[in-house]
Amino acid sequence: MTHYLTEHMSAAVKMVEEFSSTTLAKRLNDPSTDDYTKKALHVCEEMYRNAVQALNNGMKSVSSGDFFQARTETHAFINNINACGDSSMEFQTFGEWAREVGGDCLAKIVEHIDPEE
């Protein structure tokens, strides 16, 4: 299960980084994007960085066998992704995917912590 979690977490990190460097960057650099939207996008950019950091920390926790900390970091990942949930449709779609991956990892972590759940 450790391998499953680290593989999924690593893939999610790559997808968040790719989304940030492509879709988010494109919107930020679009001259037609108004200042209010740019401020919101900068917040999303920060939240996505935080999400990546949380999942990287979660992978380290999984690798070291600290599944309680991994659960905390995975919750942080989901919460950071949720911060941009009411942006445009492409952000909503991406957020749904990221929450699904995070939720799947979280379920596996909880299952490892308490196999009865």
When Leu55, Leu5 are ordered from fewest to most other Cβ atoms inside 10 Å of their Cβ, what list results?
-> Leu5, Leu55
Might you report the magnitude of the Cβ-based charge dipole of the range 1-112 about its Cα centre, with Lys and Arg at +1 and Asp and Glu at -1, to the nearest 20 debye?
-> 200 debye
Summing -39500 (n - 2.57) over every DSSP H run of at least 4 in the chain, dividing by its residue total and rounding to the nearest 500, the 222 nm mean residue ellipticity is -27500 deg cm²/dmol
If the chain between Lys26 and Ser64 were fully stretched, how many nm would it gain, using 0.36 nm times the residue separation less the Cα-Cα distance?
-> 9.9 nm
Please work through the chain and write down the cysteines that have no neighbouring cysteine Cβ at a distance under 4.7 Å.
-> Cys105
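Since every read-out is calculated from the coordinates, none of them should be taken as a lab result. A quick note: this is a predicted structure, and the numbers were derived from the prediction, not measured. Methodologically, a virtual Cβ is constructed for each residue, glycine included, from the backbone with ideal geometry; neighbour enumeration extends over all protein chains shown.
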